[in-house]
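Some notes on the structure that comes next.
The values are calculated or read from the model by the stated rules, or taken from the named source; none is laboratory data. Computed from a prediction, not measured in an experiment: that's the story for all the values here. Here Cβ is always computed from backbone atoms with ideal geometry, including for glycine, and neighbour counts include all displayed protein chains. Side chains included, ligands, DNA and RNA excluded: accessible areas come from the protein's heavy atoms. Shrake-Rupley method; radii C 1.70, N 1.55, O 1.52, S 1.80 Å.
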Amino acid sequence: DSGVTQTPKHLITATGQRVTLRCSPRSGDLSVYWYQQSLDQGLQFLIQYYNGEERAKGNILERFSAQQFPDLHSELNLSSLELGDSALYFCASSVSQNTEAFFGQGTRLTVV
Amino acid sequence: GQSLEQPSEVTAVEGAIVQINCTYQTSGFYGLSWYQQHDGGAPTFLSYNALDGLEETGRFSSFLSRSDSYGYLLLQELQMKDSASYFCAVRVDSNYQLIWGAGTKLIIKP
């Protein structure tokens, strides 16, 4: 157990809908990363937050947004969902911006 | 663009040694990481090489040659539990942003 908690574990929703994925980082970790992993693919970096502020942005679609709250938990919002958004979404956290990150178990999103 | 190349699948026998290669082409380079991921599970950190050479951690070793933009993960005394996907990832900036390879599925036969 990495100490990073993601909810829900599984999510099935219809195209056009909006969902929110939640991540609670390890205790003491200030940095949170979001990744998307499509079937049999590597991880695509989406976005990074550090102590509530956005620090780096990867290949994140405009339909997606995220934020990190004062208690350091983070949410990833996915809207106008398309079939191609079906994937595993991982959250990872680290103590600072330049240390190794630890991954949660992921949220498996299925868009039907 | 940025890319990492690694074989899609490798097969080995229990008790043997296997090497998984990774070549990269990225805009920045701070170091090369290796992660293990079992089916449906979370990626688990294995190693990180920032400097050239071989790093050994138990049955696993990782090598980096920055001049060749190349690294490998060496797994010794393979066990059935090592069956998993192995990803190389390049740290491209000080924010620990990682660019990931597509993964190598390691199949171990008894």
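Largest GNM mean-square fluctuation across B:94, B:69, B:85, computed for chain B with C-alpha springs under 10 Å, falls on B:94.
Placing +1 on the Cβ of every Lys and Arg and -1 on the Cβ of every Asp and Glu, with no other charges, gives the protein assembly as shown a dipole of roughly 360 debye about its Cα centre.
Global size of the protein assembly as shown: 17.4, 51 Å for Rg and Dmax (C-alpha atoms, Rg to one decimal, Dmax whole). Between chain A and chain B, roughly 1500 Å² of accessible surface gets buried, counting both sides and using a 1.4 Å probe. Summarising the label geometry, the points placed 7 Å from Cα in the beta-carbon direction at residue A:40 and residue A:110 lie 1.9 nm from one another.
Radius of gyration over Kirkwood radius for chain A, both on Cα atoms: the Rg/Rh ratio is 0.95. In plain terms, the chain from residue B:27 to residue B:74 could stretch by 14.3 nm, reckoned as 0.36 nm per residue minus the Cα-Cα distance. Charge dipole (Cα centre; +1 on Lys/Arg Cβ, -1 on Asp/Glu Cβ; no other charges) of segment B:30-93 amounts to roughly 80 debye.
Run down the lysines and flag those whose C-alpha is under 25 Å from the C-alpha of residue A:57, throwing out any fewer than 8 positions away in its chain. Straight-distance partners of residue A:57: A:9.
When the Cα gyration tensor is reduced to axis lengths a ≥ b ≥ c, the ratio a/c is 1.5 or higher for chain B, and with a/b above b/c it is classed as prolate.
In the context of the full set of protein chains, segment A:54-112 has a per residue accessible area of 44 Å² (1.4 Å probe). A simple spin-label model places the labels of residue B:54 and residue B:5 2.5 nm from each other, with each point 7 Å out along Cα-to-Cβ. Rounded to the nearest 0.05, the FRET efficiency derived from the C-beta distance between residue A:61 and residue A:9 at R0 = 30 Å is 0.85.
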